[in-house]
Amino acid sequence: MKRLLLVLLLGTLAAGELVAEDGYRLWLRYDRFLWKKVRESFSDHLQTVVLQTPSGVNSEVLAAAEAELIRGMAGMIHHEPRVYVVAGEASADLRVDGFAVNKVTVDGRVGVRITANSDAGVLYGVFDILRRLQLRESMADLDYASTPKIARRVLNHWDDLNRFVERGYAGFSLWEWPYLPEIRSPRYQDYGRALASLGINGSVITSVNANALVLTPDYLEKVAALADEFRPWGVRVYLTARFSAPIEIGGLDTADPLDPEVRAWWAAKVDEIYEHVPDFGGFVVKANSEGQPGPHEYGRDHAQGANLLAAPLSKNGRDGIVMWRAFVYDFENNTDRVKQAYNQFVPLDGKFADNVLLQIKNGPLDFMPREAFSPLFGAMPQTRLMMELQITQEYLGASNQLAYLAPLFEEALDQDTFAQGEGSTIARVTDGSLKGHELSVIAGVANTGSDRNWTGHPLAQSNWYAFGRLAWDHSLSSEEIAEEWAQLTFGTKEPSKKETAAHAGIVDILMGSRETVVNYSMPLGLHHIMERGHHYGPGPWVEGGRPDWTAPYYHQADEAGLGADRVASGSNAIEQYAPELQALWGDLETVPDNLLLWFHHAPWDHEMDSGRLLWDELALRYQQGVDEADAMLARWVGLKREIDLERWEATRQRFVVQAKDAREWRDACLLYFQQFSKRPLPEGVEAPAHDLQHYIDVNRRYFPGHPGEY
Ligand code: BDP
């Protein structure tokens with residue numbers, strides 16, 4: 001009886017820990033370890049912490065580091081170490097933000113020393129130790145160093161000044177513009193802290209579809225307030241620059257980059273920004289793309305446009321940069337859209353100032369579930385190139401569906417361009433090591449918003465986390481990152497066997513999820529067959545208006561076959577890649593299944609690697625996607641007792657939606673393509689629930705992240 005009571009009591013305690021998690025704390029939960037003995041086994045090794053930087057002065061960044069250290073250790077092991085701030089150089093290998101950790105003994109007290117060449121480096125060292133502690137890694141013999149491979153690791157927020165977030169699926173913008181600069185949400189600190197915990201050191205706080213108003217004096221006061229909030233966390237603020245700002249807010253009648261008055265206007269504007277934000281990071285510019293103004297209006301090219309802004313950003317010892325976006329394609333151009341950026345930019349190689357980077361999306365089209373990489377990464381040897389990834393799930397189910405994106409990011413980073421022989425990966429292009437550039441940048445389009453849990457889907461936090469971890473170290477594997485994240489985000493006070501199994505379950509679910517979305521939405525290299533506008537759900541029939549915003553432009557379905565012809569018989573986009581890749585991808589026999597329909601218009605009876613015909617394979621992939629979505633839901637349901645109720649239920653509901661959406665994709669796409677293939681569904685594929693018209697008639701009207709119709 002006594003034993004039973006004890007079991008019941010322990011059971012209640014354990015269950016109690018599982019309640020009341022709303023996701024706000026992200027991966028920084030710092031819950032106290034349950035057993036005193038375990039706590040002591042850690043605190044014994046952490047009696048002292050020495051923070052060593054060149055200044056040795058307790059700056060606001062070091063104060064944040066120290067406070068975090070205390071918060072984490074007091075939280076987890078109920079112990080406050082003695083903290084010393086001392087002066088001293090670290091090794092040059094650690095560059096600006098890296099840190100080294102080793103054991104020390106001060107006055108007979110054992111502990112650790114974190115050394116870095118900057119205060120931010122120490123801050124990152126603190127977060128690293130706290131992560132290890134959360135993961136219950138031994139603190140006994142710490143002796144390691146970590147240096148980010150990429151110098152600037154930035155989030156891009158597509159946030160408008162009215163707090164609408166373009167392609168945002170987690171509420172409104174975090175920036176409460178109307179209340180700034182005086183009233184400052186406590187969330188700004190939590191945001192900065194989350195970024196610092198990942199080593200993200202920059203935030204572009206305004207949308208690429210820029211509003212010049214943010215550069216007016218009133219708004220610069222507000223920008224300065226946000227910069228002040230983020231500074232203790234080592235996060236610098238960047239803005240988007242609207243190219244026509246000299247006209248819109250400057251009273252000039254031109255924005256011509258070669259006009260002296262325009263140059264003087266930008267120079268004065270940049271001075272004014274630095275008066276407000278002395279560590280301002282620089283600008284992102286979307287020019288001459290999707291209706292945004294740019295240098296082409298004045299017969300000037302992208303380099304002339306970028307250099308106009310680059311000049312004042314590098315004046316007076318400033319280290320501001322311009323991230324000039326390569327996401328450009330013309331309204332009046334009938335060249336295959338995926339070829340256009342390369343055609344526009346390659347002739348400009350060598351013409352950009354040293355503080356300009358070309359910001360290139362991973363693929364040449366637009367953040368599809370899978371794309372071939374942008375050929376620009378293998379071109380332009382004399383230009384600094386950076387990669388832009390999309391963390392928000394514009395084309396992968398918004399925050400209703402799970403698509404753990406680390407495998408996508410990893411695929412993009414590991415892709416070999418062959419620009420300078422084998423091993424010229426995009427990771428090495430982006431981190432500058434291929435061409436020996438010190439200035440390197442990576443950007444991720446944020447998935448954060450005002451939702452209590454930051455990202456809408458509770459598991460979408462993993463994508464923010466994964467971007468940050470890969471930006472710091474692109475050699476980490478997506479699986480390692482998933483394991484860390486699952487433990488940090490769902491671990492309880494005392495990991496049990498059951499809990500470890502639950503985490504393994506979460507990791508499995510995460511790891512398969514991106515490919516699942518590919519399977520039920522755009523398998524085998526299909527792309528851009530989603531609904532118009534909000535981009536959620538199937539739309540292979542979308543026609544009318546600009547051809548390059550329709551679906552048939554990309555899938556080219558006809559009675560002969562399916563897929564975009566991008567070899568010599570078609571647009572020949574393949575010629576923009578290295579010969580090694582042309583040989584591999586240009587041949588219908590050697591192209592991998594997952595890029596088949598990206599490069600080829602393949603006959604319906606084309607024989608696939610599996611031995612099946614294209615049509616059958618396509619149908620079975622769609623079915624596989626549905627089966628996998630069902631399996632994710634079932635697996636998640638099975639984890640109920642191991643996960644706190646709030647996050648479990650919020651996630652479960654989304655998996656139900658995902659399984660339903662997967663069916664809609666499968667049925668809609670197969671019915672649509674069947675009009676061309678005129679073949680029956682192979683065995684194993686469920687019959688569609690409705691006719692094609694039913695799916696065409698679906699009208700979601702309003703969907704988050706897109707203005708929509710009411
Ligand atoms: C597309 C989005 C659009 C963005 C554009 C961009 O649909 O909202 O403005 O990219 O990156 O993916 O500029």
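The values are calculated or read from the model by the stated rules, or taken from the named source; none is laboratory data. The shown structure was predicted, so the numbers you read here are calculated from the model rather than taken from an experiment. Don't worry about glycine lacking a Cβ; one is built from the backbone with ideal geometry, like all the others, and counts go over all protein chains shown.
Among the residues of segment 371-398, count how many are closer than 22 Å to H706 by Cα and over 14 Å from the mean Cα position of the chain (by Cα). Don't jump to the end; show me each part of the working.
Within segment 371-398, the subset closer than 22 Å to H706 by Cα is 388-398.
Next cut, over 14 Å from the mean Cα position of the chain (by Cα) only: 397.
Here the count works out to 1.
Let's see how each residue does on (1) touching a strand residue (DSSP E or B) at 6+ places or on another chain (Cβ under 8 Å); (2) of a type in the set (G, A, S):
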residue: Q415; (1), (2): yes, no
residue: S433; (1), (2): no, yes
residue: G436; (1), (2): no, yes
residue: H457; (1), (2): no, no
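When E499 is tested against (1) of a type outside the set (V, I, T); (2) more than 22 Å from E21 (Cα to Cα); (3) surrounded by fewer than 24 Cβ atoms within 10 Å (Cβ to Cβ), exactly one condition is not met: (2). Applying the criterion of being over 20 Å from V285 (Cα atoms) and aromatic (F, W, Y) to the residues of segment 215-234, the residue that is surrounded by the fewest Cβ atoms within 10 Å (Cβ to Cβ) is F230.
One residue stands out in segment 361-386 among those that are within 13 Å of the ligand (Cβ to nearest atom) and of a type in the set (A, V, I, L, M, F, W, C): the one that is farthest from S433 (Cα to Cα), namely M368.
Based on what the data block shows, is L180 away from the ligand (no atom under 16 Å from the Cβ), over 21 Å from W464 (Cβ atoms) and either touching a His at 6+ places or on another chain (Cβ under 6 Å) or in the same structural domain as G468 (by TED's automatic domain parsing) (or both)? Yes. Tell me whether segment 145-154 contains one or more residues that are within 16 Å of the ligand (Cβ to nearest atom), out of contact with any His (no Cβ under 6 Å at 6 or more places or on another chain), at negative phi and touching a residue at least 60 places away in the same chain (Cβ under 8 Å). Checked segment 145-154: at least one residue is within 16 Å of the ligand (Cβ to nearest atom), out of contact with any His (no Cβ under 6 Å at 6 or more places or on another chain), at negative phi and touching a residue at least 60 places away in the same chain (Cβ under 8 Å). Within segment 566-598, the set of residues being in contact with a Leu (Cβ under 6 Å, 6 or more places away or on another chain) and among the polar types (S, T, N, Q) comprises just one member, T590.
Within segment 255-265, can you find the residues that are out of contact with any helix residue (DSSP H, G or I) (no Cβ under 6 Å at 6 or more places or on another chain) and not basic (K, R)? First the steps, then the outcome.
Here is the first cut: in segment 255-265, the ones out of contact with any helix residue (DSSP H, G or I) (no Cβ under 6 Å at 6 or more places or on another chain) are 258-261, 263-264.
Scanning segment 255-265 gives L258, D259, P260, E261, A264.
Quick one: is T516 of a type in the set (S, T, N, Q), over 27 Å from the mean Cα position of the chain (by Cα), at negative phi and more than 16 Å from the ligand (Cβ to nearest atom)? The answer is no for T516.
Please specify each residue of segment 26-58 satisfying the condition of being among the β-branched types (V, I, T) and in contact with a Gly (Cβ under 9 Å, 6 or more places away or on another chain). Passing the criteria: T48, V49, V50, T53. For segment 668-701, a residue qualifies if it is assigned to a loop (DSSP other than H, G, I, E, B) and either within 16 Å of the ligand (Cβ to nearest atom) or polar (S, T, N, Q) (or both), and the qualifying residues are N699, R700. Suppose we keep only residues that are in a loop (DSSP other than H, G, I, E, B) and among the acidic types (D, E) within segment 155-171. Which one would you say is nearest to the ligand (Cβ to nearest atom)? My answer is E166.
For segment 326-341, the set of residues classified as within 24 Å of the chain's Cα centre (by Cα) and among the hydrophobic types (A, V, I, L, M, F, W, C) consists of A326, F327, V328, V338, A341, listed by residue number.
You will find that of L195, L215, the residue that is among the aliphatic types (A, V, I, L, M), more than 16 Å from the ligand (Cβ to nearest atom) and within 22 Å of the chain's Cα centre (by Cα) is L195 and no other.
Restricting the search to segment 277-298, which residues are in a loop (DSSP other than H, G, I, E, B) and within 16 Å of the ligand (Cβ to nearest atom)?
Of everything in segment 277-298, those that are in a loop (DSSP other than H, G, I, E, B) and within 16 Å of the ligand (Cβ to nearest atom) turn out to be K286, A287, N288, S289, E290, G291, Q292, P293, G294.
Taken over segment 330-360, the criterion of being basic (K, R) and either away from the ligand (no atom under 13 Å from the Cβ) or farther than 17 Å from G525 by Cβ (or both) is satisfied by K339, K351. Residue selection: E438 fails the criterion of being surrounded by fewer than 23 Cβ atoms within 10 Å (Cβ to Cβ) and touching a helix residue (DSSP H, G or I) at 6+ places or on another chain (Cβ under 9 Å).
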